[in-house]
1. What number of residues within the stretch 119-137 satisfy the criterion of being modelled with pLDDT of 80 or more and open to solvent by less than 80 Å² (accessible area, probe 1.4 Å)?
2. Cβ-Cβ below 6 Å, separation at least six or inter-chain, first residue in the stretch 67-83 and at pLDDT 95 or above, second among the basic types (Lys, Arg): which pairs?
3. Please go through the stretch 100-125 and give me each residue that is touching a helix residue (DSSP H, G or I) at 6+ places or on another chain (Cβ under 9 Å) and closer than 16 Å to ARG45 by Cα, ordered by number.
4. Identify the residue in the stretch 60-90 that is polar (S, T, N, Q) and open to solvent by 70 Å² or more (accessible area, probe 1.4 Å) and, among all such residues, is farthest from HIS49 (Cα to Cα).
5. Looking at (1) at pLDDT below 95; (2) crowded, with 16+ Cβ neighbours inside 10 Å; (3) not basic (Lys, Arg), which is the one condition that is false for PRO5?
6. For the stretch 7-62, give me every one of the strands (runs of 3 or more DSSP E) that falls completely inside it and has 2 or more residues that are touching a helix residue (DSSP H, G or I) at 6+ places or on another chain (Cβ under 9 Å) and closer than 21 Å to PRO118 by Cα.
7. Among the numbered criteria (1) on the phi < 0 side of the Ramachandran plot; (2) loosely packed, with under 13 Cβ neighbours inside 10 Å; (3) not hydrophobic (A, V, I, L, M, F, W, C), which one does ARG45 miss?
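The values are calculated or read from the model by the stated rules, or taken from the named source; none is laboratory data. Note that the structure is predicted; figures quoted are calculated from it, not measured. Please note: Cβ atoms are built from the backbone with ideal geometry, for glycine as well, and neighbour counts cover all protein chains shown. Ligands, DNA and RNA are excluded from the accessible area calculation, which covers all protein heavy atoms including side chains. Shrake-Rupley method; radii C 1.70, N 1.55, O 1.52, S 1.80 Å.
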Amino acid sequence: MTVRPRPPAPGARMVELDRKESITLLTGVSMGRVGFTHQALPVIRPVNHLVNDDGDIVIRTHAGAALLATASASEVVVYEADQIDEATHTGWSVMITGTASRVTDPQALSRYRTELTPWIHTEMEHVVRIRAEFVTGYRLETTASHR
């Protein structure tokens, strides 16, 4: 069965969020999507994450992950997470754009391996940090006349 998207709610609007609020929203969820280039094509993978003290995204991955090739080269990636209520067409969406790199510092590795438990049942020995160089966030809300 195919679900057809509903048209936007009358009076709905998109409000741009500042960096601080965007990072705070990301901190409140544990899952998002990382987008990167693999063999010259765009790839998007769902992953769980944490947000470190600098506002960077931290994820864990396995040895064969395509993202590791990107992280080794410190290429630009994008990370997106959101919470959207399909019934009310309200919620938020945040995108972080920045370079991905492997975490190699033993203390940081130990911390992230303790704090970030993978959702899938496989060895996720590598940790990747996505620097929050550009942060873009939007809140979808209804206008006062349509609440």
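1. 10
2. GLU80/ARG33
3. Matches in the stretch 100-125: ALA100, MET124.
4. Per the criteria, the residue is SER72.
5. Single failed check for PRO5: (2).
6. Result: 31-38, 41-48, 57-61.
7. Result: ARG45 passes all but (2).
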